[in-house]
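Trainee: I have a structure I would like to understand better, so I am pasting it below and will then ask my questions one at a time.
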Amino acid sequence: MLSLRTDEYILSLRKYVENLTKQGLCFQLTNLEEPWGRCNASKKLDYAENYTLGGCALECKLTRVIDKCECKPYYFPGEFEICSYDMLVDCAYGEIGN
C-alpha cells in the first residue's frame, strides 16, 4: 500500500470501510464529515483517540481477526492473545486481507 499515492490510498480505504459497513462488519459512517456521514461526537473508537476512517478500518479488522482467529497480530492494539506464527498464516492474515 505504500506505493499508492495518498489520495488513492484514502479512496481505497473509504471503499473498504463502506463495504464492511454494508456487510454489517463496521461502525456506520456517521462520524465522518459530509458527504460521508453526519458527525456524531458520541461515537468513539476503542483504540484511537479520534474517530477516523483509518481508525474505524483498523478496529473492524481487529474485531474480525479476534472473532475468527481468537488472537491478534502483535502489531494490533488491545489486550488480546498474540497469534502464533501458524495462526497468523492460517487465519489472521486471511481475515486482514478480506
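Quick note: the coordinates plus some simple rules give every number you see, no bench work behind them. Quick caveat, the model's predicted, so the values are computed rather than measured. Here Cβ is always computed from backbone atoms with ideal geometry, including for glycine, and neighbour counts include all displayed protein chains.
Trainee: Out of everything in segment 60-94 that is within 12 Å of the chain's Cα centre (by Cα) and either under 18 Å from LYS15 (Cβ atoms) or among the basic types (Lys, Arg) (or both), what residue ends up being surrounded by the most Cβ atoms within 10 Å (Cβ to Cβ)?
Mentor: LYS61
Trainee: If I go through segment 49-59 residue by residue, how many of them are more than 11 Å from the chain's Cα centre (by Cα) and either surrounded by 14 or more Cβ atoms within 10 Å (Cβ to Cβ) or within 20 Å of PHE80 (Cα to Cα) (or both)?
Mentor: Of the residues in that region, 2 qualify.
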